[in-house]
Amino acid sequence: MTRDQAQDLLNKNKLGQCTAEEQALLDRWYFHEAAKQEAAEGPEDVLEEERLIWNRILQEIPDDNNIRQLKKWYSIAAAIILFCFLSGAYFLLKKPVIGNLTTKNQLLKNDIAPGGNKAILTLANGTQVVLDDAKNGNISQNAGIKVNKTGNGVLVYHFNKSVSGENTAASAEINTITTPRGGQYQIDLEDGTKIWLNAASSIKFPQAFTGKNRQVELSGEAYFEVAKNKVKPFIVKANGTQIQVFGTHFNVNAYTDNSSIATTLLEGSVSMTYAGATVMLKPGQQGVTGEPGLPIKTRFVDTEEITAWKNGLFIFHDQSIANIMKQVSRWYDVDVEYKDGVQNKEFGGTISKYKNITELLNNIQLTQTIHYKLEGRRIIIMK
């Protein structure tokens, strides 16, 4: 729920026109805003803003005898949340650690932990390296290409041109990074480009870009921060779509279980080509493919929602349960079954990706959008 929507509900509350469901949404709005800050790097400004908003909410609640106790409870809740934020400020100032933050011993019975840094590197000769099991340090080295795994779950490619010039063919050998359901990984290519690979995805790329362009092939979803190079464009190919850039930040969603491919631009400019049609995207704009022969549709979107997965969050703005559970099933490695035609219902909210699955599902259930049953690694969604 946006702040404007929250203000509308406050106005209805003053007139005594809120339904029970709207009142519950209003009560949860502040906590929704607080959850968004779990992955923030600096809480000070956010805390001040939220404190002002919450004070305004308290002032606008009618001060009669029936609601005085409710105001008192709200004040206590706000104080508790503020204390938690301040006491945890040291951790909020750090980047969220990508990984499984819950051990099996901490899990409740029949609960499922979130995903983490899991991926398989396949070298050109077919050798496979399970990166979550591999030790930090040198993973592979040949023809001037050194591949290192760092301590924070990043695979880094280093290119020594003076050595690789003697063996260009070896430098251009294709490597593949594949993430399973419940996995994600970051790759730093030899040109300085950074790629964050989402769950159930794969990307193919040469060990070093020795040709006239820098081309990679994606299946699934990835976020790119492309190193600038005006003479050597960076090209992403994904299920018949080609995205070309020289240096920019963008997200590509090309999962095969989606009917379209979506490219979302955050910075710079990109061209998106599909079935002979080409569009140029502006920052904040998303291009979506359709059927062959139809134009690529463009629209402005909330980029924070699109890239939330990279920043350790789930952010849903009135998304269907079916779309939400696609993300949930990939990240938690679960199967989903629907009953009562509930998959078209919509939900909006924000929660950390590093919560156990029941905490996520309970948040959705609180809005009376759905009910659920968890059986092993299978979720049954119903009315």
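Considering only residues that are modelled with pLDDT of 95 or more and closer than 20 Å to residue 146 by Cβ, look in the stretch 207-231 and name the one that is surrounded by the most Cβ atoms within 10 Å (Cβ to Cβ).
Residue satisfying both the conditions and the ranking: 214.
Would it be correct to say that residue 274 is over 18 Å from the mean Cα position of the chain (by Cα), outside the structural domain of residue 222 (by TED's automatic domain parsing) and hydroxyl-bearing (Ser, Thr, Tyr)?
No, not satisfied.
Give the stretch 299-351 a look and list any residue that's farther than 21 Å from residue 110 by Cβ, of a type in the set (Gly, Ala, Ser) and more than 11 Å from the chain's Cα centre (by Cα), or say none.
Result: 320, 322, 341, 348, 349.
Residues that are of a type in the set (Lys, Arg), at least 1 per element: which strands (runs of 3 or more DSSP E) completely within the stretch 163-255 meet that?
So the answer is 194-197, 202-206, 214-225, 234-238.
Filter the stretch 233-255 down to the residues that are out of contact with any Ser or Thr (no Cβ under 7 Å at 6 or more places or on another chain) and in contact (Cβ under 8 Å) with a residue 24 or more places away in the chain, then identify the one that is nearest to residue 296 (Cα to Cα).
240
Kindly establish whether residue 349 is closer than 27 Å to residue 117 by Cα, of a type in the set (Gly, Ala, Ser) and crowded, with 19+ Cβ neighbours inside 10 Å.
Judged against the criteria, residue 349 is a match.
So which residues in the stretch 120-154 are among the aliphatic types (A, V, I, L, M) and in a strand (DSSP E or B)?
Scanning the stretch 120-154 gives 120, 121, 129, 130, 139, 145, 147, 154.
Take the residues in the stretch 234-258 that are buried (at least 17 other Cβ atoms within 10 Å of the Cβ) and among the small types (Gly, Ala, Ser), then tell me which one is farthest from residue 289 (Cα to Cα).
Only one residue fits best here, namely 247.
The values are calculated or read from the model by the stated rules, or taken from the named source; none is laboratory data. Everything numeric in this text was worked out from a predicted model, so none of it was measured. As a convention, Cβ positions derive from the backbone with ideal geometry for all residues, glycine included, and neighbour counts pool all protein chains shown.
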